[in-house]
Amino acid sequence: MHASEATRERIRESFARVQEEADLVLLAGDLTTHGDPEQAMVLADACRGLSIPVCAVLGNHDLHEGRGGEIETILREADVNMLNRASAVYEVAGTQVGVAGTKGFVGGFPGSALPDFGEPLLRRVYAETTAEVGAIAHGLQEIAHCALRIVLLHYAPTSDTLHGEPEGIWTYLGCDRLAVPIAEYRPDVVLHGHAPAGSFEGAIGPVPVYNVAVHATGRDFYVFELGQHEVDDEAPA
């Protein structure tokens, strides 16, 4: 969303529209422009009172000022379900839809990957990604009973959706270690943001992965028509 006072009206209008077109809204991080709680209020005002549920994870923009906890609190008070290494289950048209949500983290991909070696600070980065990988696995275990299972991230779990971004920054856009539990548990779809110049569609084995950054989709919301074990990527928005 990259919400701020400058985008208040566009955000309000887009959320008013999407509740007429969708059953569930999933936000893949970067909810604010610079992590200012006042910017979170813009999004909270747009979400408050919606007729459909909204589920979100934080992104790097939301954590820029070190006030991610405040942002989560503001959005939760507006009935946004903030997933931070957690899961949620929704009843949609008689179908249980499970969402495993966490931000993910950095670490890179084959050819340029951060190892668990060297200075303690770099090893802390590696350990943070390890915790995020564990959270994805745990979330997928919690929603294993659901007919539809979605992984919601900010950082990319595959380089497929990074093409268009400079390869020199791929290490900071995601990590292929995030893909390990996805490949094991095979959810129906994975959504992430954090790659505005990247490509829209990728995959982890048979699991479709979509980069839903607004610049990649070309629209405020991309509406997916989901059925068990399938995704209609030609769905209207």
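The values are calculated or read from the model by the stated rules, or taken from the named source; none is laboratory data. If you're wondering where the values come from, they're calculated on a predicted model, not measured in any experiment. FYI the Cβ positions are ideal-geometry reconstructions off the backbone, even for glycines, and counts take in every protein chain you see. These accessible areas exclude ligands, DNA and RNA; they are computed on the full protein's heavy atoms, side chains included. Shrake-Rupley method; radii C 1.70, N 1.55, O 1.52, S 1.80 Å.
In Å, what is the Rg of the alpha-carbon atoms in segment 113-174, and how long is Dmax?
14.4, 44
How much area per residue is accessible in segment 1-67 when the probe is 1.4 Å and only protein heavy atoms are counted (Å²)?
Per residue, segment 1-67 has an accessible area of 46 Å².
For the chain, which whole percent of the accessible surface, found with a 1.4 angstrom probe, sits on carbon and sulfur atoms?
Within the chain, the accessible surface is 51 percent carbon and sulfur.
With N set to the residue count of the chain, report its C-alpha Rg divided by 2.2 N^0.38 Å to two decimal places.
Its radius of gyration relative to the 2.2 N^0.38 Å reference: 0.95.
Note down the magnitude of the dipole of the chain about its Cα centre, charges +1 on Lys and Arg C-beta and -1 on Asp and Glu C-beta and zero elsewhere, to the nearest 20 debye.
440
So, in nm, how far is label residue 122 from label residue 79 when the simple model puts each one 7 Å beyond its Cα toward the Cβ?
Result for the modelled spin labels: 4.9 nm.
Find the relative contact order for the chain and round it to a whole percent, using C-alpha pairs within less than 8 Å whose residues are 6+ positions apart.
Relative contact order for the chain comes out at 17 percent.
Segment 137-237: which GluC sites (Glu not before Pro) are DSSP loop and have at most 16 other beta-carbon atoms within 10 angstrom?
234
Using a 1.4 Å probe, what is the accessible area per residue for segment 125-185, in Å²?
With all protein chains present, segment 125-185 gives 38 Å² per residue.
Would you compute the Debye intensity of segment 70-174 from its alpha-carbon atoms alone, equal scatterers and no solvent, and pass along log10 I(q)/I(0) at q = 0.10 Å⁻¹ to two decimals?
-0.36
Tell me what the chain gives for mean residue ellipticity at 222 nm when only DSSP H runs of n ≥ 4 count, each as -39,500 (n - 2.57), the sum divided by the residue total, rounded to 500 deg cm²/dmol.
-8500 deg cm²/dmol
Starting from the eigenvalues of the Cα gyration tensor, five times each then square-rooted, give me the equivalent ellipsoid semi-axes of segment 11-121, largest first, whole Å.
Semi-axis lengths for segment 11-121 are 29, 19, 12 Å.
Using +1 on the beta carbon of Lys and Arg, -1 on that of Asp and Glu, and nothing else charged, what's the dipole of segment 105-237 about the Cα centre, debye to 20?
360
Longest span of the chain, sites excluded, free of trypsin sites (Lys or Arg not before Pro) in DSSP loop with at most 16 other C-beta atoms within 10 Å?
With trypsin sites (Lys or Arg not before Pro) excluded where exposed in loops, the chain gives 86-218 as its longest stretch.
I need the helices of the chain that pass two filters: whole DSSP H segments spanning 27 Å or more by Cα along the axis, and mean Kyte-Doolittle score no lower than -1.0.
Span-like helices here: 120-142.
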